[in-house]
1. I'm checking my understanding of the structure. Among residues of the stretch 127-185 that are aromatic (Phe, Trp, Tyr) and in a helix (DSSP H, G or I), which one is modelled with the lowest pLDDT?
2. Just checking, how many residues over the stretch 248-263 are assigned to a helix (DSSP H, G or I) and modelled with pLDDT of 75 or more?
3. Can you work out which of the residues in the stretch 166-213 that are among the hydrophobic types (A, V, I, L, M, F, W, C) and in contact with a Pro (Cβ under 9 Å, 6 or more places away or on another chain) is farthest from Leu247 (Cα to Cα)?
4. Given the criterion on the phi < 0 side of the Ramachandran plot and under 26 Å from the mean Cα position of the chain (by Cα), identify the matching residue among Leu113, Leu69.
5. Can you find a residue in the stretch 36-56 that is in a helix (DSSP H, G or I), of a type in the set (A, V, I, L, M) and either at pLDDT 80 or above or within 30 Å of Val291 (Cα to Cα) (or both)?
Amino acid sequence: MTMTKAIARRLLEFLIVFFGVTFLIYAAVYALPGDPVASLAGDRPLPANVMEALRAKYHLDEPLWQRYLDYLKDLLHLDFGTTFAGDSVRSEMASRWPVTIALASTAWLLELLIGIGLGAIAAVKRGTWIDKGILAGTVLLSAVPVFVVGVTCQLVFGVKWHMFPIAGTTEGWPRAYLLPSLVIAAFGLAAVSRLTRESMINSLHSDYIRAAKARGVPPTSLIGKHVMRNSMIPTVTFLATDLGYLLGGAVVVEGIFNLPGIGNLLFTSIRTQQGPTVVGIATALILIFLVTSIIVDIIQAALDPRTRGA
């Protein structure tokens, strides 16, 4: 398969996944029990004619498929819709993205440094209790639900030891972001460390490493310049793809640590039945994940000699 065909196939998959997932989310959100128009009035019911006018204004009286097509048309102009309070969903998201991006970027950096570091140590100490302890610890940590890890870290590092703030961003970056970022990064550490470990073990037993040892290359130079350099391709590929997952994971952690990011906005919108905001945030996260994935695939296709032929 040529590189052009590989990219065309990936773009087709992108479209199928995007339309399928966004429609399911759109249908699920607007199928939730409750009347969003009635919730605008709070405890005081609105007159029937006002309710009908509001439903017509927000197209709630139209069939679901028609509303979804209208949403896609607006999306082509980067219009993610309007809340039932009359505010732009895109503007609301724009004010929250800096917190989420800072959180996910910090988590990605921690995942990179700690994951590769643990994987390298496990590879060098292969078969020892250190190797087995790192593998067991990272896998066990990734198996625990994120809210359990988050609350536990709050109690231990925030409440008991007073090392980090337990909520909010008043202390700024990096102090306010380190603890929640570590919680997010914990779930990618197992994969990063295992990929690094396996790649380094394969490199350590390759012919060019044996030749370097025969030439008398020092162990530190052997690991740093030869083994690490040739072992990072699978790990870097995973880390590039994982950035989309980290943004999704940040949504949950923001609720735990009360951070004013996209996740906090999503929780508030679900509670107040702001369907347009929920759909807009979900669509943005899907786009980020799919675009990140397709960029990684294109880079891999460009580097793979099997897709550069013909």
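1. Narrowing the stretch 127-185 to residues aromatic (Phe, Trp, Tyr): 129, 147, 157, 161, 164, 173, 177.
Narrowing further to those that are in a helix (DSSP H, G or I): 129, 147, 157, 177.
Numbers: Trp129: 92, Phe147: 83, Phe157: 91, Tyr177: 90.
Ranking the qualifying residues of the stretch 127-185, first place goes to Phe147.
2. Initially, the stretch 248-263 is screened for residues assigned to a helix (DSSP H, G or I), giving 248-257, 262-263.
Checking which are modelled with pLDDT of 75 or more leaves us with 250-257, 262-263.
Summing the residues that are assigned to a helix (DSSP H, G or I) and modelled with pLDDT of 75 or more in the stretch 248-263 gives 10.
3. The first filter runs over the stretch 166-213 and keeps only residues among the hydrophobic types (A, V, I, L, M, F, W, C), leaving 166-167, 173, 176, 178-179, 182-187, 189-192, 195, 200-201, 204, 209, 211-212.
Next cut, in contact with a Pro (Cβ under 9 Å, 6 or more places away or on another chain) only: 176, 179, 195.
On the way: Ala176: 17, Leu179: 16, Leu195: 21 Å.
Within the stretch 166-213, the match that is farthest from Leu247 (Cα to Cα) is Leu195.
4. Numbers: Leu69 fails: under 26 Å from the mean Cα position of the chain (by Cα).
Testing whether each residue is on the phi < 0 side of the Ramachandran plot and under 26 Å from the mean Cα position of the chain (by Cα) leaves just Leu113.
5. The answer is no, given that none of the residues of the stretch 36-56 is in a helix (DSSP H, G or I), of a type in the set (A, V, I, L, M) and either at pLDDT 80 or above or within 30 Å of Val291 (Cα to Cα) (or both).
Yes/no matrix, rows are residues, columns are (1) closer than 12 Å to Gln274 by Cβ; (2) touching a Lys or Arg at 6+ places or on another chain (Cβ under 8 Å); (3) surrounded by 14 or more Cβ atoms within 10 Å (Cβ to Cβ):
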site: Arg55; (1), (2), (3): no, no, yes
site: Gln66; (1), (2), (3): no, no, no
site: Leu69; (1), (2), (3): no, no, no
site: Leu72; (1), (2), (3): no, no, yes
site: Leu75; (1), (2), (3): no, no, yes
site: Leu78; (1), (2), (3): no, yes, no
site: Thr82; (1), (2), (3): yes, no, yes
site: Gly86; (1), (2), (3): yes, no, no
site: Val89; (1), (2), (3): yes, no, yes
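The values are calculated or read from the model by the stated rules, or taken from the named source; none is laboratory data. Fair warning: this is a prediction, and the values are worked out from it, not measured in the lab. Because the Cβ atoms are built from the backbone with ideal geometry, glycine has one as well, and the counts that use them run over all protein chains shown.
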